[in-house]
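Here's the structure we're looking at; comments come further down.
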Amino acid sequence: MECPLDAARCAVVLVHYNSARDALACLRALSSLSARPACVIIADNASRPVEREALLAGWRALRRAEECEPPALLRPGQTPPETDALFLALPENSGFAGGNNAALRLLLATPGYDGVAAFWLLNTDTEPAPDALDALCARLNARPDAGLCGSSLCYAHAPDVVQAAGGCTLCPLTGRTSFLMGGAARSRTLATDPAAVEARMAYPVGASVLVRRHVLHAAGLLPEDYFLYYEDAAFGIEARRAGFALVWAPRSLVLHREGGSTGARGGGQACSQPARGRLMDYLAVRNRIYLIRRYYPGFLPTALASLVGVALNRLRRGQLKRLPLVLRAAWHGLRGRMGQPDSGDFS
């Protein structure tokens, strides 16, 4: 029988990109967890030197205050020492999934971390409550059939308002996603039967999700072709297809500032209509069409037709110049032209 999960058998994975202030706030929150995880690893996605150095200096200071060794600085291909704090400096921005996967591959391949049974994928623009990880472990322990568990995400500027109860719904007809219990009072989630919410969950929001180790072996790592947006949706689909249930820990409270490194306001890993820059707008449309093409090809005509609504929204907002962008994004999603786009095309 598999040993029950607890914090000591979990590693925390953070992906950082030009958001040192947010990342340090997240690290301070992690230092206040009621139980210390086995390891915290930061994968830095080729941030600006000033941001990377600010994060490293701040983390070193936090570790000194805790009378712990400083984080080990690694480059890809280096073998990590036996420590509970790792900083993986990546040579290029490989996106949300790519950054997570670089950290996961390192931990999975290093014998010193064989005892890690689950990985907590956590956004750097979050601040978890002290018992957030304990609650995630408890929910997975209660559901041995489950492979992924999401937290109760609440807005940092309004901690009593729910952003997402664990995850999102996904409409195969259109590719649109919707936060579960979005906008509800936090007290309401504590009185809600998690099974009723889990029955509607298409995937846990990638801002805070605990993933069992054997899910990564059975379903694979996060899909990197999306670069940003919808990769958590695809990962949830793959986990379900591999036979794992998706669950929610109502008492795992995580405050989310969202958009710390992307500039999106009101968004996150999934959101219906956030205020985004041109690049983020392109990625959201492209990846939405690509996901439907990949997993629900029979609904591709209706998903494409739904983009009329996207175009009308851009017109309503006075963003006439966004219409060619929407068309180009849809075409690239149809053609499977994925990965990191040239940011120069969206300046």
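The values are calculated or read from the model by the stated rules, or taken from the named source; none is laboratory data. Keep in mind it's a predicted model, so treat the numbers as computed, not measured. Backbone-built Cβ (ideal geometry, glycine too); neighbour counts: all protein chains shown.
ARG36 meets all of the listed conditions (1) of a type in the set (Lys, Arg); (2) surrounded by 15 or more Cβ atoms within 10 Å (Cβ to Cβ); (3) assigned to a helix (DSSP H, G or I); (4) touching an Asp or Glu at 6+ places or on another chain (Cβ under 9 Å) but one, namely (3). Being more than 30 Å from PRO301 (Cα to Cα) and surrounded by fewer than 20 Cβ atoms within 10 Å (Cβ to Cβ): is that true of SER187 here? Yes; evaluated as a whole, the condition is true for this residue. Taken over the stretch 72-102, the criterion of being in contact with a strand residue (DSSP E or B) (Cβ under 7 Å, 6 or more places away or on another chain), more than 20 Å from ALA54 (Cβ to Cβ) and in contact (Cβ under 8 Å) with a residue 60 or more places away in the chain is satisfied by PHE96, ASN100.
For residues in the stretch 206-249 being on the phi > 0 side of the Ramachandran plot and touching a Gly at 6+ places or on another chain (Cβ under 9 Å), which is surrounded by the most Cβ atoms within 10 Å (Cβ to Cβ)? Among those residues, the one meeting the criterion is TYR229. Just one residue in the set PRO91, PRO80, PRO76 is in the same structural domain as ALA11 (by TED's automatic domain parsing) and farther than 30 Å from TYR230 by Cα; that residue is PRO80. Here ASP44 fulfils each of the conditions (1) modelled with pLDDT under 95; (2) in contact with a His (Cβ under 8 Å, 6 or more places away or on another chain); (3) of a type in the set (Asp, Glu) apart from (1). Among the residues of the stretch 42-71, just one is touching a strand residue (DSSP E or B) at 6+ places or on another chain (Cβ under 9 Å), more than 19 Å from THR126 (Cβ to Cβ) and among the small types (Gly, Ala, Ser), namely ALA46. Within the stretch 277-293, the set of residues being among the charged types (D, E, K, R) and within 16 Å of PRO324 (Cβ to Cβ) comprises ARG278, ASP281, ARG286. Of the residues making up the stretch 120-147, those that are assigned to a strand (DSSP E or B) and either within 12 Å of the chain's Cα centre (by Cα) or at positive phi (or both) are TRP120, LEU121, LEU122, ASN123, THR126. Only one of the numbered conditions (1) at positive phi; (2) surrounded by 14 or more Cβ atoms within 10 Å (Cβ to Cβ) is violated by ASN45, and that is (1). Residue count for the stretch 95-130, restricted to those that are surrounded by fewer than 18 Cβ atoms within 10 Å (Cβ to Cβ) and not polar (S, T, N, Q): 8. The residue that is farthest from HIS332 (Cα to Cα), counting only those in the stretch 184-233 that are assigned to a helix (DSSP H, G or I) and touching a Pro at 6+ places or on another chain (Cβ under 9 Å), is LEU190.
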